[in-house]
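Q: Structure provided below as structure tokens; questions to follow.
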Amino acid sequence: MPELPEVETVRRGLAPTLDGAVIRRVEARRPDLRFPFPAGFAKRLAGARVQSLDRRGKFLVAPLSTGDALIMHLGMTGRFTVNDGGSARLGKFAHDHDTDPRHDHVVFRLKTDAGADAVITYNDPRRFGYMDLVGQGELEKSSHFNGMGPEPLGEAFTAAWLSDALKGRSTPIKSALLDQRLVAGIGNIYACEALFRARVSPKRLAASVAGRRAERLHGAIVAVLAEAIDAGGSTLRDFAGADGALGYFQHNFDVYGREGEGCPVCAAPVRRLAQSGRSTFFCGRCQR
């Protein structure tokens, strides 16, 4: 499932087209994705101007001139592509990442801020993504964001805040990082990579990650996410940006998916264990 860097990459790819655009018409080609579309979905969007395209955790959020906000989640295989009226795609997918038009479930027909026609298509073979409309004043209280932690690249996320937030937590630190109530947007890949850089064992109790350990972990989280965004995210299976480009941060993984390979620091074999139903990759020698 796309994590913060992948969703931010998609946001940056869509924003030049969506920011300030008027939604002329929406085609919802089925009644649901992972969940049913909200009542009157297409009608409520028609004629609305997109004020901006933002991100909250792993969600895309587009405040509209109507007072609603369009919330979009990519699920596991969701992808947006953009047609500027000239070619079918702004960019070309690698062969094994071509989209099947049978899975084009939502089509947004737009008039851009520059006055040009454009089409944004949401394709999702497994339909684990979803879309919703929520009043802008109700966003933080909505089921999508209620209780969600701070953005890890925002000013509120500091080493002191992280150290304090981990107090009393009896879960392993890796599991704590996956809890969106602690910090928004971090998933399995970047939790593994950040813990390795911070030299913190994924098995260590979260409450024991304090002081200098929390400072190292905070710095590692920020650095890993920023580098992954610069690299266009990570493409393991289905992810591609709105221009069709594949991410390449997977080529920089220190431990994720590298079970049995040598640790880049000490050469000990990278280990794998299951935590919270997910595979955790780590170096048993470097991470304590």
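The values are calculated or read from the model by the stated rules, or taken from the named source; none is laboratory data. Treat the numbers as computed from the prediction; the structure is a model and nothing was measured. Glycine gets a Cβ as well: all are built from the backbone with ideal geometry, and neighbour counts include every protein chain shown.
Q: With at pLDDT 95 or above, in the same structural domain as Val134 (by TED's automatic domain parsing) and over 30 Å from Leu153 (Cβ atoms) as the only criterion, which of Ala42, Ala69 stands out?
A: Ala42
Q: Taking the stated definitions as given, is Ser142 more than 22 Å from Glu6 (Cα to Cα) and either surrounded by fewer than 21 Cβ atoms within 10 Å (Cβ to Cβ) or not aliphatic (A, V, I, L, M) (or both)?
A: yes
Q: Name, by its number, the condition in (1) at pLDDT 95 or above; (2) closer than 28 Å to Gly13 by Cβ that does not hold for Gly241.
A: Of (1) at pLDDT 95 or above; (2) closer than 28 Å to Gly13 by Cβ, only one is false for Gly241: (1).
Q: Okay, moving on. Would you mind finding the one in Val26, Val10, Val22 that is touching a helix residue (DSSP H, G or I) at 6+ places or on another chain (Cβ under 8 Å) and of a type in the set (Val, Ile, Thr)?
A: Val26
Q: Out of Gly20, Gly85, Gly91, I need the residue that is at positive phi and at pLDDT 95 or above. Which one?
A: Among Gly20, Gly85, Gly91, only Gly20 is at positive phi and at pLDDT 95 or above.
Q: Same structure, new question: Being surrounded by fewer than 22 Cβ atoms within 10 Å (Cβ to Cβ) and within 14 Å of Gly185 (Cα to Cα) narrows it down to one residue among Arg56, Arg12; which is it?
A: Being surrounded by fewer than 22 Cβ atoms within 10 Å (Cβ to Cβ) and within 14 Å of Gly185 (Cα to Cα) holds for just one of Arg56, Arg12, which is Arg56.
Q: Further question: List, please: which pairs have Cβ atoms under 6 Å, are six or more places apart or on different chains, and start with a residue in segment 249-262 that is of a type in the set (Gly, Ala, Ser) and end with one that is surrounded by fewer than 18 Cβ atoms within 10 Å (Cβ to Cβ)?
A: Once the first residue is of a type in the set (Gly, Ala, Ser) and sits in segment 249-262, its partners that are surrounded by fewer than 18 Cβ atoms within 10 Å (Cβ to Cβ) give Gly260/Pro269.
Q: Here is a follow-up. In segment 156-204, which residue that is within 14 Å of Leu4 (Cα to Cα) and among the charged types (D, E, K, R) is nearest to the chain's Cα centre (by Cα)?
A: The extreme case among them is Asp179.
Residues checked against (1) surrounded by 20 or more Cβ atoms within 10 Å (Cβ to Cβ); (2) aromatic (Phe, Trp, Tyr); (3) closer than 19 Å to Ser170 by Cα:
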position	(1), (2), (3)
Gly185	yes, no, no
Ile189	yes, no, no
Glu193	yes, no, no
Phe196	yes, yes, no
Arg199	no, no, no
Pro202	yes, no, yes
Ala214	yes, no, yes
Ala220	no, no, no
Ala223	no, no, no
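Q: Looking at segment 121-145, I want the residues that are at positive phi and have a partner that is surrounded by fewer than 17 Cβ atoms within 10 Å (Cβ to Cβ) with Cβ atoms under 8 Å, at least 6 apart or on another chain. Which pairs are those?
A: So the pair list comes out as Arg127/Asp32; Arg127/Arg34.
Q: Which members of segment 193-229 meet the condition of being basic (Lys, Arg) and in a loop (DSSP other than H, G, I, E, B)?
A: Arg199, Lys203, Arg204 - these are the residues of segment 193-229 that are basic (Lys, Arg) and in a loop (DSSP other than H, G, I, E, B).
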